[in-house]
1. Scan (1) assigned to a loop (DSSP other than H, G, I, E, B); (2) surrounded by 12 or more Cβ atoms within 10 Å (Cβ to Cβ) for the single condition Val286 breaks and write down its number.
2. What residue, among those in the range 49-62 that are part of a strand (DSSP E or B) and out of contact with any Ser or Thr (no Cβ under 6 Å at 6 or more places or on another chain), is nearest to ligand 1 (Cβ to nearest atom)?
3. List the helices (runs of 4 or more DSSP H) inside the range 148-251, counting only whole elements, that have at least 1 residues being at pLDDT below 90, out of contact with any strand residue (DSSP E or B) (no Cβ under 6 Å at 6 or more places or on another chain) and not aliphatic (A, V, I, L, M).
4. Please work out which residue is farthest from Leu165 (Cα to Cα), limiting yourself to the range 180-205 and to residues that are within 14 Å of ligand 1 (Cβ to nearest atom) and charged (D, E, K, R).
5. Between Lys79, Lys65, which is among the charged types (D, E, K, R), under 17 Å from the mean Cα position of the chain (by Cα) and either more than 14 Å from ligand 1 (Cβ to nearest atom) or on the phi < 0 side of the Ramachandran plot (or both)?
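The values are calculated or read from the model by the stated rules, or taken from the named source; none is laboratory data. A quick note: this is a predicted structure, and the numbers were derived from the prediction, not measured. As a convention, Cβ positions derive from the backbone with ideal geometry for all residues, glycine included, and neighbour counts pool all protein chains shown.
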Amino acid sequence: LQRHSSNNPKVFVKSILDGDIRSAAQLLTLIERRDPAALPLLKALYPHTGKARLIGVTGPAGVGKSTLINRLTEDFRKKNRSVGILAIDPTSPLSGGALLGDRLRMHQHFLDQGVFIRSLATQGAWGGISPALFDAIHILDAMGKAFIFIETIGVGQDEVRIAQLAQTVLLVLAPGMGDTVQIMKAGLLEIGDLIAVNKGTPLEGRQLAQQLQAFDQNHPIVRISAEEGEGLRELSSQLERELQKIDTFSCKKEFFAREELQWLLYEKLQTKGMGFPFTSELIESVARREKDPYEIVETWGR
Ligand SMILES: Nc1nc2c(ncn2[C@@H]2O[C@H](COP(=O)(O)OP(=O)(O)OP(=O)(O)O)[C@@H](O)[C@H]2O)c(=O)[nH]1
Ligand SMILES: [Mg+2]
């Protein structure tokens with residue numbers, strides 16, 4: 001931090017606001033480690049944020065989310081939009097597997113100053129949602145990235161929560177992958193403003209798209225092949241339509257702020273050893289029915 005900013009937080013903050021990739025990467029490393037040195041910088045950046053459009057891209061492992069983001073980024077860059085990409089990596093921070101793969105897949109964009117790509121290891125956090133995620137979004141936002149893709153793996157309740165932070169959610173599914181029937185039954189199609197059916201033969205893709213449409217008539221479902229570039233024009237124009245829905249944009253900002261406050265508070269309680277403030281004796285007494293859990297929570301903090 002000191003090396004790059006000549007020990008001056010103002011200079012450092014300004015360089016991030018100017019879109020400097022190295023400074024942003026340094027700050028992202030700090031927030032990933034939950035280093036308190038990041039705090040004054042985040043505070044200074046916050047008033048400059050809130051401009052980016054967040055696009056959540058979620059779906060089962062390996063359905064082609066990164067390949068699709070890569071394609072959409074190509075399209076966005078042609079429209080001269082700056083793009084940020086955050087891949088939430090729920091795996092071990094040591095493996096670095098996801099980023100390595102994405103580096104190969106997105107290599108052309110790594111050379112483009114208008115694109116910032118980062119995978120975020122969220123150690124042990126529920127389904128990848130953590131205070132670091134909010135910080136990372138603010139940093140990319142402050143850099144001036146007008147559109148930020150947030151890639152999350154999986155279609156469980158946790159991913160739903162991450163997806164809800166985004167103003168637009170793109171759900172990616174593939175024939176024969178990630179238990180699509182389960183997703184339909186659980187009503188998880190609802191989280192997608194837009195659904196892309198990727199991979200498989202055109203016939204398999206069309207069949208799945210039809211099946212899904214029978215379950216969900218409210219959202220556009222587009223059959224694509226991210227790799228071959230099929231259906232992307234249709235998907236892009238549907239995405240543009242979603243991005244123009246300004247009303248949802250503002251209400252999502254409040255939701256975002258509420259979630260962020262909740263996570264920061266939770267983190268603070270945890271670091272103070274209050275994340276779960278009940279002793280094992282107390283838990284045992286509840287299990288033995290000597291005490292009831294309602295009273296304990298009711299009287300806690302008084
Ligand atoms: N045949 C075919 N393969 C594809 C298509 N899209 C992606 N793939 C391949 O599927 C594999 C997984 O693609 P990714 O884009 O990494 O998928 P992902 O959903 O980001 O994967 P995770 O991040 O690991 O969940 C890669 O080998 C891609 O080349 C497609 O349209 N057709
Ligand atoms: Mg991926």
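1. Failing condition for Val286: (1).
2. The qualifying residue nearest to ligand 1 (Cβ to nearest atom) is Gly59.
3. Those helices (runs of 4 or more DSSP H) span 157-165, 180-185, 202-215.
4. Glu204
5. After ruling out the rest, the residue left standing is Lys65.
Listed here are the residues, each with its yes/no results for (1) in contact (Cβ under 8 Å) with a residue 60 or more places away in the chain; (2) more than 16 Å from ligand 2 (Cβ to nearest atom).
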{"position": "Gln164", "(1), (2)": "yes, yes"}
{"position": "Val172", "(1), (2)": "yes, no"}
{"position": "Met177", "(1), (2)": "yes, no"}
{"position": "Asp193", "(1), (2)": "no, yes"}
{"position": "Ala196", "(1), (2)": "yes, no"}
{"position": "Leu203", "(1), (2)": "no, yes"}
{"position": "Gln217", "(1), (2)": "no, yes"}
{"position": "Ile224", "(1), (2)": "yes, no"}
